[in-house]
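S.K.: Here it is: the structure, laid out below.
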């Protein structure tokens, strides 16, 4: 995602319409955007939004993003365990 597109996308999390905020949550989960700003916006919606549907979609979007982060961490750890021979580097 480009910087210009990301800034426009981040504005959707603060939109006055709940449907726009809900769609931003759905899109972040489906696109698996693991940017720190997106994660923070999802967390803010979980904590602060008044609409329960938006909160639920933010939880779902965040869980989809976190799964990708966990997979990346597992892959990095597996790579280091299998390829690095020095114990201090593992």
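S.K.: Counting other beta carbons within 10 Å of each Cβ, put 66, 76, 3 in order, fewest first.
M.R.: Final ranking by Cβ density, sparse to dense: 3, 76, 66.
S.K.: Looking at the chain as a GNM with Cα springs under 10 Å, which of 45, 31, 78 has the largest mean-square fluctuation?
M.R.: Checking each option, the largest mean-square fluctuation is seen for 78.
S.K.: Here is a follow-up. Calculate how steeply helix 36-48 sits against the longest principal axis of the alpha-carbon atoms of the chain, using the helix alpha-carbon long axis, and give the answer as 0 to 90 degrees to the nearest 10.
M.R.: 50 degrees
S.K.: Pick from 65, 54, 20: which is most flexible by mean-square fluctuation in a GNM of the chain where alpha carbon atoms under 10 Å apart are linked?
M.R.: Result for the chain, Cα springs under 10 Å: 20 fluctuates most.
S.K.: Follow-up question, since we're still on this one. Quote the relative contact order of the stretch 3-89 in percent (integer), defining contacts as alpha-carbon pairs under 8 Å separated by 6+ residues.
M.R.: Working: 76 pairs, mean separation 24.3, N = 87.
Worked out over the stretch 3-89, it gives 28 percent.
S.K.: Semi-axes of the equivalent ellipsoid for the chain, please: Cα gyration tensor eigenvalues, times 5, square-rooted, ordered largest first, whole Å. Please report the intermediate quantities before stating the final value.
M.R.: Numbers: eigenvalues 216, 37, 18 Å².
Working from the Cα gyration tensor, I get semi-axes of 33, 14, 9 Å.
S.K.: Here is a follow-up. Of the candidates 39, 73, 26, which one comes out as most mobile in a Gaussian network treatment of the chain with C-alpha springs shorter than 10 Å?
M.R.: Between 39, 73, 26, it is 73 that shows the largest mean-square fluctuation.
Here, each number is a calculation from the coordinates, and none is a lab measurement. Note that this is a predicted model, so its numbers are computed, not measured. When we count neighbours, we look across all protein chains shown, and the Cβ atoms used for this are built from the backbone with ideal geometry, even at glycine.
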